[in-house]
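Input: a single structure, listed below in structure tokens.
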Amino acid sequence: MFGYVFYWSLVWDALPQLLAGAWLTLQIAVLSMLFGTVVGLALALYRQKGEGAGARFASAWVELARNTPVLFQIYMMYFGLGSVGIQVSSYAAVLIALSFNNAGYLAEIFRGGLAAVHRQQLSAARSLGLTKLQSYLHVIFPQLLRIVFYGYVTQAVWAMLNTSLGMLVGLHELSGAAQSAQSISFRSFEFFFVTALIYYLIAKLMELGARVVFRRWLRV
Amino acid sequence: MQFVLSDPGLHWRDGWFLLQGAGHTLWVTLVAGLLGTLLGVVLGWLRFSSVLLRIITAPYIDVVRSVPLIIQLVLANSFLALAGVGFDTFWLCVAVLSSSMAVVTAEVVRAGLASVPQTFRRSARSLGLSARQEFFHISAPLAVRTSFAAWVGLLLGLAKDSALVSVVGYVEYMKSSQILITRTHETLPLLVGVGVFYFVICYPVSRYSARLERRMAL
């Protein structure tokens, strides 16, 4: 501020690097949401049953994912697995950890949604001759996703923001790319200001995209 | 030339170091939770009561919710540094964490206030209560009832988010474990310790909050 001159041109020069990072961020966010959704649905269904090994496993997963920091989960995948001899790349570590986390949170969101879908929908679908899988895919899940739409989008944005923790395990997603780009000039304010801007844009893009996609598929 | 520590393994006195880290985590969560909640209640009330203020504060809320906390921390840190302001890392962390806590609390408070039926408000006013009396004796107690469980969830979120403040150099539990990992290479026990630490704090509280929510729903 006082006697400090902003050098935005440095950021401009490194913009390709930042955009490559942004692409990685988006990629991990979307993939982890996809995996999280599939696993989260399964966990929610098992939890709904309420008994048996499957339900206990699902409960343990949900509680572990929801009651520990995401950073811990990422460290566990990266350093924890590394220390027992399983080497995973930082990309894989962040993706696995975030998928694990998303699955836990989404399972809880889906559980609320499943409770709101009428029980007889399943029996009705089954008696119309649909297999169990078909009735879930075509009858239950569309209704479920419509109910939990807002929670789902919030979780997606949150997952995207959490990819920024990849910076701490050396992943060059948006934050990591900014971190390494600014380390040449130490103009950290300029770099992270633009980074924040890009995050904001990605968040808005995701919200908009989700709305368009969901409107097309589910007529929310 | 290479420096070798005489005995890099884990010692009992490292337990004290971890305990300090744990204390820092709890302290930063407590202070930021308190400040954030106070700010959030005011912000939520303002956003509930005036359309103009809702529009004015919307960008702030939007930005805080769409930029990762870690970037907010780094940005605040480097901004204060280049502005030449001397500051304490602890208060920087508290400021950023409580701002994010305030934003989420404001939404919960607003939703809580909005859940109080308009008829309650009107009948209170027509019974002769002033606007302030109506707020403190009718709206606020009902809003607290509906939003308390959600607020507990936010506080837990804050406790977990406090693991990020190490990026600006505040040594809380996560960072102190990491420091020990770097020295001792006892990665797994220390990391598992981190998980257990947060789980032991968060799990009972989240169970309590879930039970509360069920009871409210009935």
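The table below gives the values:
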| item | result |
| --- | --- |
| Breaking point among (1) part of a helix (DSSP H, G or I); (2) more than 9 Å from every other protein chain (Cβ to nearest Cβ); (3) modelled with pLDDT of 90 or more, for B:Ala210 | (3) |
| Scan of region B:176-206 for residues that are within 18 Å of the chain's Cα centre (by Cα) and either more than 10 Å from chain A (Cβ to nearest Cβ) or without any contact (Cβ under 8 Å) to a residue 12 or more places away in the chain (or both), ordered by number | B:Phe199, B:Val200, B:Tyr203, B:Pro204 |
| Residues being hydroxyl-bearing (Ser, Thr, Tyr) and facing chain B (nearest Cβ under 7 Å) - total across region A:56-99 | 3 |
| Members of region B:58-102 found to be more than 12 Å from chain A (Cβ to nearest Cβ) and surrounded by 22 or more Cβ atoms within 10 Å (Cβ to Cβ), listed by number | B:Cys93, B:Val94, B:Val96, B:Leu97, B:Ser98, B:Met101, B:Ala102 |
| Residues located in region A:167-204, provided they are more than 7 Å from every other protein chain (Cβ to nearest Cβ), closer than 17 Å to B:Leu82 by Cβ and either among the hydroxyl-bearing types (Ser, Thr, Tyr) or part of a loop (DSSP other than H, G, I, E, B) (or both) | A:Ser183, A:Ser185, A:Phe186, A:Arg187 |
| Yes/no for A:Leu18 being assigned to a helix (DSSP H, G or I), in contact (Cβ under 8 Å) with a residue 12 or more places away in the chain, out of contact with any His (no Cβ under 6 Å at 6 or more places or on another chain) and within 14 Å of another protein chain (Cβ to nearest Cβ) | yes |
| Test result for B:Ser123, surrounded by 19 or more Cβ atoms within 10 Å (Cβ to Cβ) and either part of a loop (DSSP other than H, G, I, E, B) or without any contact (Cβ under 8 Å) to a residue 24 or more places away in the chain (or both) | no |
| Subset of region B:197-213 [touching a Leu at 6+ places or on another chain (Cβ under 8 Å) and of a type in the set (D, E, K, R)] | none |
| Residue in region B:34-54 that is farther than 29 Å from B:Tyr173 by Cβ, aliphatic (A, V, I, L, M), surrounded by fewer than 17 Cβ atoms within 10 Å (Cβ to Cβ) and within 14 Å of another protein chain (Cβ to nearest Cβ) present | no |
| Criterion (in a helix (DSSP H, G or I) and over 28 Å from B:Ala143 (Cβ atoms)) met by exactly one of B:Trp45, B:Trp16 | B:Trp16 |
| Answer residue from region A:1-47, given it is among the β-branched types (Val, Ile, Thr) and in contact with a Ser or Thr (Cβ under 6 Å, 6 or more places away or on another chain) and is farthest from A:Ala93 (Cα to Cα) among those | A:Thr25 |
| Helices (runs of 4 or more DSSP H) contained entirely in region A:46-138, each with at least 1 residues that are of a type in the set (Phe, Trp, Tyr) and either in contact (Cβ under 8 Å) with a residue 24 or more places away in the chain or in contact with a strand residue (DSSP E or B) (Cβ under 7 Å, 6 or more places away or on another chain) (or both) | A:52-66, A:70-75, A:90-116 |
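The values are calculated or read from the model by the stated rules, or taken from the named source; none is laboratory data. Keep in mind the model is a prediction, meaning the values are calculated, not measured. Neighbour counts run over all protein chains shown; Cβ positions are idealised from the backbone, glycine included.
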